[in-house]
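Only one structure is covered here, and it is reproduced in the block below.
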Amino acid sequence: MSKAILYDATLCIGCKQCEGACAQQNKLPYDDTVAAESVQSAHKYTVVLSKEDKFMRRLCMHCEKPACASVCPVGAFHKTAAGPVVYDVWKCIGCRYCMVACVFAQPKYEWQSLNPRVRKCIMCPDRIAAGKQTACAEICPTGATKFGERDDLIAEAKERLRQNPSNYVNRIYGLNEVGGTSVFVLASQNVEEYGYPASAKIGDTPMPEYTGRVMDRIPDFIPVWTLVLGGIYWVSHRRDEVAEAEAEEKKLNGSER
């Protein structure tokens, strides 16, 4: 069965242990300076945001039908049967189509690296394969981040809403958005206040139903080098736009601190 993560913001105490565990799992730097950063980046896959006495976590949503995988011309991204959306750096040609396609703005690029990669949360697939929890769920001291079977977590989230309706906004974010995800969010505030896209804006239709129509128009005989050149051309026109979007995200999250 497919695995998933349930994040309940009402149980989060903002300890950021999930951030540290994620960094350790993925061999990323983590110190006081990184902990203070309020945006996701190529070296910070998850971030805990604060607003007054409320907290919210951002991470890859691991869509059931991921847009990043549908637009990738070389199959560098794919959704595993266990739930994670993973990335194969050896297939990636650096086109960054995934960065534009993802409505949750999760894929990040190592702009300053001489050997740049796309980076994002991959939901600890090696731990899942070994029968373990994700690193962030295992270390969470309050149970705000919970890992388990997707169907079981959906049932638990619905039960929490039923038993304590006054504690939450009445929805499970990720249940229906873009066709459903493998990360669900419960909160007492609208998640949009922390940078998540509005449900009405992104809709319930899986993004590949849109992106696939475009990719299907690419003939099978187009050689890889043509895709590479196309990616380079695209990047030259899109880099400033992506950088601007990331700056806006940083500005938004900085205003919430």
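The values are calculated or read from the model by the stated rules, or taken from the named source; none is laboratory data. Remember, predicted model here, so these are calculated numbers, not experimental data. A quick note on method: Cβ atoms are made from the backbone with ideal geometry, for glycine too, and the neighbour counts reach across all protein chains shown. Calculation scope for accessible area: heavy atoms of the full protein, side chains included, ligands and nucleic acids excluded. Shrake-Rupley method; radii C 1.70, N 1.55, O 1.52, S 1.80 Å.
For this structure, a couple of remarks:
- Residue list for the range 98-116, filter: over 17 Å from Cys63 (Cβ atoms), touching a strand residue (DSSP E or B) at 6+ places or on another chain (Cβ under 8 Å), of a type outside the set (Asp, Glu) and part of a loop (DSSP other than H, G, I, E, B): Pro116
- Only one entry in Asp53, Asp126 is more than 19 Å from Gly195 (Cα to Cα) and over 16 Å from the mean Cα position of the chain (by Cα), namely Asp126.
- So Ala155, is it closer than 28 Å to Ala69 by Cβ, open to solvent by 50 Å² or more (accessible area, probe 1.4 Å), out of contact with any helix residue (DSSP H, G or I) (no Cβ under 7 Å at 6 or more places or on another chain) and hydrophobic (A, V, I, L, M, F, W, C): yes
- Residues of the range 151-170 classified as of a type in the set (Gly, Ala, Ser) and either part of a loop (DSSP other than H, G, I, E, B) or touching an Asp or Glu at 6+ places or on another chain (Cβ under 9 Å) (or both), total: 1
- Among the criteria (1) without any contact (Cβ under 8 Å) to a residue 60 or more places away in the chain; (2) exposed (fewer than 14 other Cβ atoms within 10 Å of the Cβ), the one Trp111 does not fulfil is (1).
- A single member of Glu37, Glu52 is surrounded by fewer than 22 Cβ atoms within 10 Å (Cβ to Cβ) and under 23 Å from Val169 (Cα atoms), and it is Glu52.
- Single residue of Tyr168, Tyr194 found to be under 19 Å from Arg57 (Cβ atoms), under 16 Å from the mean Cα position of the chain (by Cα), in contact (Cβ under 8 Å) with a residue 40 or more places away in the chain and crowded, with 18+ Cβ neighbours inside 10 Å: Tyr194
- For the range 76-92, a residue qualifies if it is open to solvent by less than 30 Å² (accessible area, probe 1.4 Å) and of a type outside the set (Val, Ile, Thr), and the qualifying residues are Ala76, Phe77, Gly83, Pro84.
- Pairs with Cβ under 9 Å, 6+ apart, first in the range 11-36 and more than 19 Å from Met56 (Cα to Cα) and in contact (Cβ under 8 Å) with a residue 12 or more places away in the chain, second of a type outside the set (S, T, N, Q) and exposed (fewer than 15 other Cβ atoms within 10 Å of the Cβ): Gln25/Asp126
- Only residues that are in a helix (DSSP H, G or I) and either open to solvent by less than 30 Å² (accessible area, probe 1.4 Å) or over 21 Å from Pro84 (Cβ atoms) (or both) were counted in the range 171-180, giving 2.
- Of the residues in the range 50-73, at least one is at pLDDT below 95, under 26 Å from Glu110 (Cα atoms) and polar (S, T, N, Q).
- Matching option when the condition is assigned to a strand (DSSP E or B), open to solvent by 10 Å² or more (accessible area, probe 1.4 Å), over 20 Å from Lys65 (Cβ atoms) and at pLDDT 95 or above, among Gly143, Gly148, Gly131: Gly148
- Among the candidates Cys18, Cys68, Cys95, the residue that is more than 14 Å from the chain's Cα centre (by Cα), assigned to a helix (DSSP H, G or I) and crowded, with 22+ Cβ neighbours inside 10 Å is uniquely Cys18.
- Subset of the range 74-92 [of a type outside the set (Val, Ile, Thr), assigned to a loop (DSSP other than H, G, I, E, B) and under 17 Å from the mean Cα position of the chain (by Cα)]: Ala76, Ala82, Gly83, Pro84, Asp88
- A search for C-beta distances below 8 Å between a residue of the range 44-59 that is farther than 18 Å from Pro84 by Cα and any residue that is aromatic (Phe, Trp, Tyr) and open to solvent by 10 Å² or more (accessible area, probe 1.4 Å), counting only pairs 6+ apart in sequence or on different chains, returns Val48/Phe55; Leu49/Phe55.
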